[in-house]
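Every number in this text was worked out from the coordinates using simple rules, so none of it is lab data. All values reported here derive from a predicted model rather than from experimental measurement. Cβ atoms come from the backbone with ideal geometry, glycine included; neighbour counts cover every protein chain shown.
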Amino acid sequence: MVDPEGKLTAAQHEILESVWAAQGVGATVTQIWETIRTQRPVTRTTVLNLVDRLERRGWLKRKKGEGPIRYLATIDRATAARTLAEGFVDEFFGGSASQFVMSLLGGKRLNAKEVQRLRKLLDSARTEEDEGEDGG
């Protein structure tokens, strides 16, 4: 399994979002640039440099073929989100997911719907853990 290096800046995340949106066919630097520049001013050279850094760090890979170079993400969005979130929790909350959630609750960052979803996720995790103990 690919293990990309480091964290992502907001601009790098924006590039990956554009590549993930290409749904497996890959995206050219020009396509990425055109997507991003509809949201904010950015030069093609800046996008090219960021794509190059993401490729060197293992977040992107080149897709060989005819025509312009296309880039694919080396991991899917869900895996990237999980990896980055785990790193964040480790770095800022000493690995404690509950401390992270408590900080969100204390900051009123979660609405009632999100709290309900968290409850379901926690119940599901508890059920899976209980089933794992029974099977061991």
Legend entry - Inter-site label distance for residue 127 and residue 77 at 7 Å from Cα along Cβ, in nm: 2.6
Inset, instruction - For region 28-35, take each phi angle, set θ = phi - 60°, evaluate the Karplus expression 6.51 cos²θ - 1.76 cosθ + 1.60, and give the result in whole Hz per residue in order, putting x for glycine and proline. - result: 7, 4, 4, 5, 4, 4, 5, 5
Legend entry - Reduced Cα scattering model of the chain, Debye log10 I(q)/I(0), q = 0.12, 0.17, 0.19 Å⁻¹: -0.65, -0.99, -1.09
Legend entry - Spin-label model distance (nm) - residue 114 vs residue 38, 7 Å beyond Cα toward Cβ: 2.7
Inset, instruction - Using a Förster distance of 25 angstrom, determine the FRET efficiency expected from the C-beta separation of residue 3 and residue 88, and round it to 0.05. - result: 0.90
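Taking neighbour Cβ counts within 10 Å as the exposure measure, how do 88, 93 sort from fewest upward?
Numbers: 88 12, 93 15.
By the 10 Å Cβ count, ascending: 88, 93.
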Legend entry - Nearby lysines by direct alpha-carbon distance to residue 63 (threshold 30 angstrom, same-chain neighbours under 8 apart not counted): 7
Legend entry - Cut-off under 5 Å, modelled amide H: who pairs with residue 63 long-range: 70, 71, 72
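Mind listing which GluC sites (Glu not before Pro) in region 31-70 are in a DSSP loop and have 16 or fewer other Cβ atoms within 10 Å?
Working: sites: 34, 55, 66; in loops: 66.
Taking region 31-70 and a limit of 16 other Cβ atoms within 10 Å, the loop GluC sites (Glu not before Pro) found are 66.
Kindly put 15, 75 in sequence by how many other C-beta atoms sit within 10 Å of each C-beta, fewest to most. Display every interim value, and only then the final one.
Numbers: 15 26, 75 18.
Listing 15, 75 from fewest to most nearby Cβ atoms yields 75, 15.
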Legend entry - Efficiency of FRET from Cβ geometry, residue 55 and residue 100, R₀ 41 Å, rounded to 0.05: 0.85
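Determine, for 35, 9, the number of other Cβ atoms within 10 Å of each Cβ, and report the residues in order from fewest to most.
Going from sparsest to densest Cβ surroundings: 9, 35.
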